[in-house]
Structure formats: structure tokens, C-alpha cells
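Asks: Have a look at this one.
The values are calculated or read from the model by the stated rules, or taken from the named source; none is laboratory data. In this text the structure is predicted, and so the values were computed from the model without any measurement. As a convention, Cβ positions derive from the backbone with ideal geometry for all residues, glycine included, and neighbour counts pool all protein chains shown. With ligands, DNA and RNA removed, areas are computed over all heavy atoms of the protein, side chains included. Shrake-Rupley method; radii C 1.70, N 1.55, O 1.52, S 1.80 Å.
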Amino acid sequence: MINKLTENELEKERLELFMLAGVKDVVGSLLEGMIHDLNNILLEMSGNLDLLKLSLPTGKTDEKVLKRVKRLEQTKEHIFQMTE
């Protein structure tokens, strides 16, 4: 009786571990997809920031605007580093 109970418990644990491994695979795949999408958004943001910088008049741009553009670039770089 004790042996049978132990076998049933072991089988239950094996099944739980198998299901947990499946859940981890699904979550991992979802995260990979989200990171890929985030990187695509960051690349678009990067390109638009570059175009914005090129369109700013040299020597005539408000210091506040330059600081905001710089802050956006820093934020973009920080997110790129997080997704590597």
C-alpha cells in the first residue's frame, strides 16, 4: 500500500514537472516575441530620432528641445541594453 502510494505520488510529481516545463517553454516563446517586437519599435524610434536631429537648425535650436532629444536617445539606449 505504501509502495503504491509512493508510485502514485512520484507519477503525479513527474506530470507536474512536465506541465511546468511546457508552461516555461510557452512563456519563453512569448517573451522572445515581445522582445523582438520591442526591438523593432526601438529601431524605428532610433531612425526617427536621427531624422529629427538632422532637421533641427544648427545653432538655432532651443536648449530645452536639445535636452529632450538627448534624453530620448538615452532612454532608447537603456532599453536596447535591457533587451540584449
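Asks: Looking only at segment 52-78, count every residue that is farther than 18 Å from residue 42 by Cβ, open to solvent by 100 Å² or more (accessible area, probe 1.4 Å) and either in contact with a Pro (Cβ under 9 Å, 6 or more places away or on another chain) or not acidic (Asp, Glu) (or both) and tell me the total.
Replies: Residues that pass the stated criteria total 5.
Asks: Determine the pairs where a residue that is touching a residue at least 40 places away in the same chain (Cβ under 8 Å), located within segment 58-84, has a partner that is surrounded by 12 or more Cβ atoms within 10 Å (Cβ to Cβ) with Cβ atoms under 6 Å apart, the partner being 6 or more residues away or on another chain.
Replies: 79/42; 80/42; 83/35; 83/38; 83/39
Asks: If you check every pair at least six apart or on different chains, which have Cβ atoms under 8 Å apart with a residue in segment 34-49 that is touching a residue at least 40 places away in the same chain (Cβ under 8 Å) first and a residue that is among the polar types (S, T, N, Q) and open to solvent by less than 100 Å² (accessible area, probe 1.4 Å) second?
Replies: 35/83; 38/83; 39/83; 42/83
Asks: Does segment 26-43 include one or more residues that are among the charged types (D, E, K, R) and touching an Asp or Glu at 6+ places or on another chain (Cβ under 9 Å)?
Replies: No: zero hits.
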